[in-house]
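Participant: The structure follows.
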Amino acid sequence: MANFHNHPRIRRRNYEYPRLIPSDIKKYMSPPNGCRHLLSWSINGQLVLELDATTTPYGLDLKGSKGFQQLIPTAWTKLKNGARQWWLCPECCRRCGVLYFDNGFGCRHCIKPAYECQNGSRTDYLARKIRELRAKEFKQSESDHDLLESSHTMPDGVPLIKNKRVKVQQRIQALQSELMFSFKHGGF
């Protein structure tokens with residue numbers, strides 16, 4: 001569940017950050033040391049970041065405009081049939097597959113990008129949970145129903161054990177009650 005109290009209402013989502021992903025390791029670290037690459041990221045067709053990268057024995061040395069410079073180290077993990085190379089977070093030295101850029105590269109724990117669901121209010125969360133439960137248990141598409149419709153009138157999707165069906169209906173009713181309370185008291 002999203003933590004609605006410890007972050008600003010709207011945070012940048014994880015896909016809005018320039019990032020280094022696992023396939024970039026193979027692309028940029030497999031050429032010999034000293035090989036140079038131009039890395040660029042664009043969002044919605046607009047260039048957001050451009051860096052000059054050089055392969056080193058320790059990782060990827062990045063240089064950008066305005067004096068930006070950062071070394072992204074890598075690490076190896078032995079596998080049963082080979083090995084896997086990882087990015088190491090320059091901030092906390094964690095092994096990770098994805099690094100996000102926000103005035104320097106860092107892992108998810110250091111940069112703290114938001115998932116889509118973390119930017120909503122409590123009512124957004126309640127509506128999403130009701131839709132998910134109905135879609136999962138009653139085999140309805142998430143847009144085909146009214147959020148406040150009684151779950152007792154739902155058609156049988158997949159045969160459920162009676163006790164499970166009752167529990168799902170009770171959970172949906174509890175979420176609907178909280179949603180109605182939020183609507184009445186302006187919690188959206």
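The values are calculated or read from the model by the stated rules, or taken from the named source; none is laboratory data. What you are looking at is a predicted structure, and each value in this text was computed from that prediction instead of being measured. All Cβ positions, even for glycine, are placed from backbone atoms using ideal geometry, and neighbour counts span all protein chains on display.
Participant: Scan (1) farther than 22 Å from Tyr115 by Cβ; (2) without any contact (Cβ under 8 Å) to a residue 40 or more places away in the chain for the single condition Ile25 breaks and write down its number.
Facilitator: With (1) farther than 22 Å from Tyr115 by Cβ; (2) without any contact (Cβ under 8 Å) to a residue 40 or more places away in the chain applied to Ile25, the lone miss is (2).
Participant: Here's another thing I want to ask about it. Across the range 146-188, which residue is nearest to the chain's Cα centre (by Cα) among those that are among the charged types (D, E, K, R) and modelled with pLDDT under 70? First the steps, then the outcome.
Facilitator: Step one: filter the range 146-188 for residues among the charged types (D, E, K, R), giving 146, 149, 156, 162, 164-165, 167, 171, 178, 184.
Going one step further and asking which of them are modelled with pLDDT under 70, we end up with 146, 149, 156, 162.
Numbers: Asp146: 28, Glu149: 31, Asp156: 33, Lys162: 35 Å.
Here the residue is Asp146.
Participant: Name the single residue, out of those in the range 18-50 being within 21 Å of the chain's Cα centre (by Cα) and outside any strand (DSSP E or B), that is surrounded by the fewest Cβ atoms within 10 Å (Cβ to Cβ).
Facilitator: Out of the qualifying residues, it is Asn44.
Participant: What strands (runs of 3 or more DSSP E), lying completely within the range 56-95, carry at least 3 residues that are among the hydrophobic types (A, V, I, L, M, F, W, C) and in contact with a Lys or Arg (Cβ under 9 Å, 6 or more places away or on another chain)? Don't jump to the end; show me each part of the working.
Facilitator: Details: elements: 59-63, 69-79, 82-88.
Ranges flagged: 82-88.
Participant: Take the residues in the range 96-113 that are in a strand (DSSP E or B) and more than 13 Å from the chain's Cα centre (by Cα), then tell me which one is farthest from Asp61 (Cα to Cα).
Facilitator: Keep residues of the range 96-113 that are in a strand (DSSP E or B), which gives 96, 99-101, 105-106.
If we keep only those that are more than 13 Å from the chain's Cα centre (by Cα) too, we end up with 96, 101, 105-106.
On the way: Cys96: 17, Phe101: 14, Phe105: 12, Gly106: 14 Å.
Only one residue fits best here, namely Cys96.
Participant: Pairs needed: first member in the range 95-113, in the same structural domain as Glu50 (by TED's automatic domain parsing) and under 17 Å from Thr74 (Cα atoms); second member anywhere, assigned to a loop (DSSP other than H, G, I, E, B) and hydroxyl-bearing (Ser, Thr, Tyr); C-beta distance under 7 Å; at least 6 residues apart or different chains.
Facilitator: As it stands, the answer is Tyr100/Tyr17; Phe101/Tyr17, since those pairs meet every condition given.
Participant: So, Tyr15, is that one surrounded by fewer than 17 Cβ atoms within 10 Å (Cβ to Cβ), closer than 30 Å to Leu126 by Cα and of a type in the set (Ser, Thr, Tyr) or not?
Facilitator: Numbers: surrounded by fewer than 17 Cβ atoms within 10 Å (Cβ to Cβ): yes; closer than 30 Å to Leu126 by Cα: yes; of a type in the set (Ser, Thr, Tyr): yes.
In short, yes.
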